[in-house]
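The values are calculated or read from the model by the stated rules, or taken from the named source; none is laboratory data. The model shown is predicted, which means the values in this text are computed figures rather than measured ones. Glycine also receives a Cβ, built like all others from the backbone with ideal geometry; neighbour counts cover every protein chain displayed.
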Amino acid sequence: EGLGVHVRETDLGEYIIQLLDEPPSHIVGPAIHRSVDDCRKLFHERLGTPLDADPDELAAAARDALRAEFLAADLGISGGNFLAADSGTIALIENEGNIRLSTSLPRVHVAFVGIEKLVPRLEDVSAFLQLTSRAATGQPIGNFVSLIQGPRRSDEVDGPEEVHVVLVDNGRTRLLADEAAWEALRCVRCGACLNICPVYRQTGGHPYGWTYSGPIGAIIAPGMLGLEEALPLPHASSLCGACVDVCPVRIPIPELLVHWREKAVEQGLTPRVETVGLKAYAKLAQRPELFSAAGAVLRRVPLGLGGRALPVLGGWMQERSAPKSSEKSFLQMWKEGIE
Ligand code: SF4
């Protein structure tokens, strides 16, 4: 776009956020944070649809607008869900048909494929196609599956004159070199771990601050962007483990989150207040009388009045009420018999 090229997203969700000039918030549903009413207003302003248009009318309007762009495009860009090394076949899964049009109507097709998407043989792709569709949208297989093996042949009526594949590293070899985190490269970008994650469900994708959000975003960001740049994403998790249960390729996400947290400590990247606080806690926890006394003092701190001024809780308490302290410590209640 900086060179004056007109670039158009063609997936409906991507199209919506491009019109809104927003980043995606989900790897499968990029506009999931937007309501139908938001889209009604947007399409009314940009495409002239009625303000009470139903979702089918909105989709039809986008389809009309995009069809003209497909026919005028000089070059179509796609990703690649998988790339079979034996035949150079690019496998693409989708539900809207926009990838099929992007890869067959323009004169040139360029596929940008992450290096981790390479599989040895074309026959390996079929299992991955089903596994990805099921985990992403619950479908047996995507509505459109394209297997692209090159430009249009002389006896074919459509297809591009040129096909180029760009293998994208972009930090992946750095991730591969990590003794534990390389397992994240098995990811098929189905988005299931985002859908189940209690943190993602509360925050949405934008607070993660880059394209890949949710649990998978939190474990690949340190490898691809660098740990310092990615902090505090590995801490954006309660480590409940729900993501592992739904991940179709069984990436040990909580273990990798802990792995990055350990690395952050080893490299001295944790905030000083956290290091000092945990050391103080460790010392107190070894002295029961001191621990009880400190607890008694803390229970009397009027957090509701002065909590915002505290160095650790200040930011957290800007928008929240302080919890009410218990009258007794857990130890006291335990001794008295918890009901
Ligand atoms: S980590 Fe697993 S569940 Fe999450 S997007 Fe990747 S493959 Fe899907």
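Going residue by residue through segment 113-132, is there one that turns out to be polar (S, T, N, Q) and touching a Gly at 6+ places or on another chain (Cβ under 7 Å)? No, the conditions are met nowhere in segment 113-132.
Yes/no per residue for (1) touching a strand residue (DSSP E or B) at 6+ places or on another chain (Cβ under 8 Å); (2) at pLDDT below 95:
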{"site": "GLY2", "(1), (2)": "no, yes"}
{"site": "ASP37", "(1), (2)": "no, no"}
{"site": "ARG46", "(1), (2)": "no, no"}
{"site": "PRO50", "(1), (2)": "no, no"}
{"site": "GLY76", "(1), (2)": "yes, no"}
{"site": "LEU83", "(1), (2)": "yes, no"}
{"site": "LEU92", "(1), (2)": "yes, no"}
{"site": "GLY97", "(1), (2)": "yes, no"}
{"site": "ARG100", "(1), (2)": "yes, no"}
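Taking segment 9-84 as the region of interest, the helices (runs of 4 or more DSSP H) fully inside it that hold 1 or more residues being in contact (Cβ under 8 Å) with a residue 60 or more places away in the chain are 12-20, 55-72.
Being in contact with a strand residue (DSSP E or B) (Cβ under 8 Å, 6 or more places away or on another chain) and assigned to a loop (DSSP other than H, G, I, E, B): is that true of PRO106 here?
Working: in contact with a strand residue (DSSP E or B) (Cβ under 8 Å, 6 or more places away or on another chain): yes; assigned to a loop (DSSP other than H, G, I, E, B): yes.
When the stated conditions are applied, PRO106 passes them.
In segment 137-151, the qualifying residues are those that are surrounded by 16 or more Cβ atoms within 10 Å (Cβ to Cβ) and closer than 22 Å to PHE112 by Cα, and the one that is nearest to the ligand (Cβ to nearest atom) is GLY142.
When you look at GLY114, is it of a type outside the set (Val, Ile, Thr) and under 22 Å from TYR15 (Cβ atoms), yes or no? Answer is no for this residue. Screening segment 152-175 for residues that are part of a helix (DSSP H, G or I) and more than 16 Å from the ligand (Cβ to nearest atom) and picking the one that is surrounded by the fewest Cβ atoms within 10 Å (Cβ to Cβ) gives THR173.
Can you pull out the residues in segment 245-260 that are surrounded by 19 or more Cβ atoms within 10 Å (Cβ to Cβ) and either of a type in the set (D, E, K, R) or more than 16 Å from the ligand (Cβ to nearest atom) (or both)? Residues satisfying the conditions do not exist here.
So is LEU231 of a type in the set (A, V, I, L, M), touching a Pro at 6+ places or on another chain (Cβ under 9 Å), within 13 Å of the ligand (Cβ to nearest atom) and not assigned by TED's automatic domain parsing to the domain that holds ARG34 or not?
So LEU231 does not fit the description; no.
Residue pairs whose Cβ atoms lie under 9 Å apart, separated by 6 or more positions or on different chains, with the first residue in segment 269-293 and closer than 21 Å to LEU331 by Cβ and the second of a type in the set (D, E, K, R) and part of a helix (DSSP H, G or I), are LEU290/LYS283. Residues in segment 74-91 that are more than 25 Å from GLU1 (Cα to Cα) and of a type outside the set (S, T, N, Q): 8 in all. For the residues ALA184, ALA127, the requirement of being within 16 Å of the ligand (Cβ to nearest atom), assigned by TED's automatic domain parsing to the domain that holds PRO215 and within 26 Å of GLY29 (Cα to Cα) singles out ALA184.
The single residue among ALA218, ALA236 that is within 15 Å of the ligand (Cβ to nearest atom), touching a Ser or Thr at 6+ places or on another chain (Cβ under 7 Å), more than 17 Å from ALA136 (Cα to Cα) and not β-branched (Val, Ile, Thr) turns out to be ALA218. Being out of contact with any strand residue (DSSP E or B) (no Cβ under 8 Å at 6 or more places or on another chain), within 16 Å of the ligand (Cβ to nearest atom) and farther than 20 Å from PRO24 by Cα: is that true of ALA242 here? Yes: the conditions hold for ALA242.
Only one of (1) under 27 Å from SER102 (Cα atoms); (2) more than 10 Å from the ligand (Cβ to nearest atom); (3) in contact (Cβ under 8 Å) with a residue 12 or more places away in the chain; (4) in contact with a Gly (Cβ under 8 Å, 6 or more places away or on another chain) fails for GLY191. Which number is that? Looking at each condition in turn, GLY191 falls short on (2).
Looking at ARG134, is it within 18 Å of the chain's Cα centre (by Cα), within 12 Å of the ligand (Cβ to nearest atom) and not in a helix (DSSP H, G or I)? Walk me through how you get there before you give the answer.
On the way: within 18 Å of the chain's Cα centre (by Cα): yes; within 12 Å of the ligand (Cβ to nearest atom): yes; not in a helix (DSSP H, G or I): no.
When the stated conditions are applied, ARG134 does not pass them.
Applying the criterion of being farther than 21 Å from TRP182 by Cβ and surrounded by fewer than 17 Cβ atoms within 10 Å (Cβ to Cβ) to the residues of segment 80-109, the residue that is nearest to the ligand (Cβ to nearest atom) is ASN95.
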